[in-house]
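Structure first, commentary second.
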Amino acid sequence: MTIGIMGLGYVGLPLAVAFAEEGHDVIALDTDARKIDAIRNGDSYIEDIPSERLAAVADRIEATTHAQPLARCDAVLICVPTPLTANREPDLGPLIAATRALSGVLQSGQLVVVESTTYPGTTRERIAPMLEESGLVAGRDFHVAFSPERVDPGRTDFTLRTTPKVVGGLTDACADRAVALYDIVCDTIIRVSTPDAAELSKLLENIFRSVNIALVNEMAMLADRMGIDIWEVVDAAATKPYGFMRFDPGPGMGGHCLPVDPFYLSWRAREFDMTAEFIELAGKVNQNMPYHCVAKIERVLNDAAKPVRGSRIAVFGVSYKAGVGDIRESPALKILQVLGGLGADVVYHDPHVPELNELGLAAATLDDALDGADLAVIVTAHPEVDHDAIVDRAPLVLDLRGITRRGSADRSAVLL
Ligand SMILES: NC(=O)c1ccc[n+]([C@@H]2O[C@H](COP(=O)([O-])OP(=O)(O)OC[C@H]3O[C@@H](n4cnc5c(N)ncnc54)[C@H](O)[C@@H]3O)[C@@H](O)[C@H]2O)c1
């Protein structure tokens, strides 16, 4: 088969490689010419896909910025971003642009699957009609389905193949086609009755995480005031063999998904005279976490008779989670920005993030970051960073991830 992938980011590139590894031809389309060049050169820019893996299948991947080659595909998967506008409403701009480009070259017999996270109703009400502008009829001349991506960048215990894939087709025949397609790269396919159910299932997964992270973060703020160690509390609660799922407190939510996707549903809910209160509340609590962390930084410095202004604060880990370089919506950026505004002399170390252009900062080595630091703050605990060395060497350490509890440093850090 020939599979088209539109949007070659964290979602699209692994899919392109997976289909190519199974022996299929892939037409990989992105509007970003730099990504197209990188793919052509066998240079991966996604940490989960080593360049050797991409280079090994390069002859089966035709990378392009043009839609025309998609006319040769049996199936086209749309994996473009679904961000929010400045006033936090769904921005379907990239999804609509990709769909419109595809509509111009759509052929009878093709299957189109949307993978981008979006609100229920998008595939049925927006994508299918736009594709029908081609003159072909959805469900009759071509097939349409929604199948949410569940990739968790950096995760190695579950892969594209071993993570069950949810699929909802516009018609039964649409679902049959989509199930047969994903069967090639996934072991387990979960078929639901409509694209809308598949769209909402993805949002439920993300909202579940967002709400539970907010819950444990609210607990962390309360435990802090009460003088109780939240990590000890979470450890204790997590011994219950049923009815509890562990979520760890931290500096807030980041990445492309959790800070964004839930608001697709709260926006849509308003059309149905509903206010999605859990979503809004979780967003509020999580957005406040970086400010809580800054307040804690002020307190830790204050206890050592130091003001924030003029203190050298070394931040360790600025990506939104351990093991990856993704800084989208990372709470570390807010923490650095607020500390800078308060007059701190900020420096950071992150083996995955060489520079933070928007803050005018470049990564320091671990040694340089610790050199002369008044306080070290562990915001994201990358596995390759020696956190014991940070605790041993920095005069003060604030650990927002609880990572130093497992360490063997002689001294101890202040915990979130
Ligand atoms: N990153 C994740 O972990 C993850 C997980 C599950 C679902 N998702 C969802 O998958 C979708 C894609 O996310 P991502 O993280 O891969 O985004 P990304 O930003 O890494 O990649 C998207 C790619 O689409 C390209 N693009 C933008 N407009 C285009 C267009 N009109 N035509 C072709 N290409 C276009 C961009 O240049 C970019 O390379 C989003 O809806 C996201 O919510 C992401």
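Throughout, read-outs are computed from the coordinates displayed, never taken from laboratory work. Model, not experiment: these values are computed from the prediction. Every residue, glycine among them, receives a Cβ derived from its backbone with ideal geometry; neighbour counts consider all protein chains shown.
Against the chain, whose longest principal axis comes from its Cα atoms, helix 93-103 is set at around 20 degrees.
Only DSSP H runs of four or more residues enter the estimate; each adds -39500 (n - 2.57), and after division by the residues of the chain the mean residue ellipticity at 222 nm equals -11000 deg cm²/dmol.
As a proxy for reagent exposure, ranking Tyr242, Tyr45, Tyr320, Tyr348 by other Cβ atoms within 10 Å from fewest up yields Tyr242, Tyr45, Tyr348, Tyr320. Each Cα pair under 8 Å and six or more residues apart adds its separation to the average, and for the chain the resulting relative contact order is 10 percent.
Please give the net charge around Asp25, taking every other residue with its beta carbon less than 13 angstrom from that of Asp25, where Lys and Arg add +1 and Asp and Glu add -1. Before the final figure, lay out each step's value.
Working: positive: Arg60, Arg72; negative: Glu21, Glu22, Asp59, Glu62, Asp74.
Value of the local net charge: -3.
Among Arg88, Arg191, Arg100, the residue with the largest mean-square fluctuation in a Gaussian network model of the chain, with springs joining Cα atoms closer than 10 Å, is Arg88. Among the listed pairs Lys306/Lys334; Lys202/Lys296; Lys240/Lys284; Lys240/Lys334; Lys202/Lys321; Lys284/Lys321, a Cα-Cα separation exceeding 27 Å is found for Lys202/Lys296; Lys240/Lys284; Lys240/Lys334.
Would you please name the trypsin sites (Lys or Arg not before Pro) within the stretch 265-373 that are DSSP coil residues with at most 11 other C-beta atoms within 10 Å of their C-beta?
Arg309
Cut-off 20 Å, label point 7 angstrom out along Cα-to-Cβ of Ala305: give me the residues of the stretch 383-416 whose amide nitrogen falls inside. Answer for this model: 395-397.
Among the DSSP beta bridges whose two residues both lie in the stretch 314-397, what percent are antiparallel, rounded to the nearest 5? Walk me through the numbers before you get to the answer.
Working: 2 of 9 bridges.
Beta bridges within the stretch 314-397, antiparallel portion: roughly 20 percent.
Once both labels are modelled 7 Å past Cα along the beta-carbon direction, what's the Asn212-Glu133 spacing in nm? In this crude spin-label approximation the distance works out to 4.1 nm.
Of the beta bridges in the chain, as assigned by DSSP with both residues counted there, near 10 percent are antiparallel.
Among residues other than Val234 whose Cβ falls under 9 Å from its Cβ, what is the net charge (Lys/Arg +1, Asp/Glu -1)?
Values: positive: Arg246; negative: Glu232, Asp235, Asp248.
Overall, the nearby charge balance is -2.
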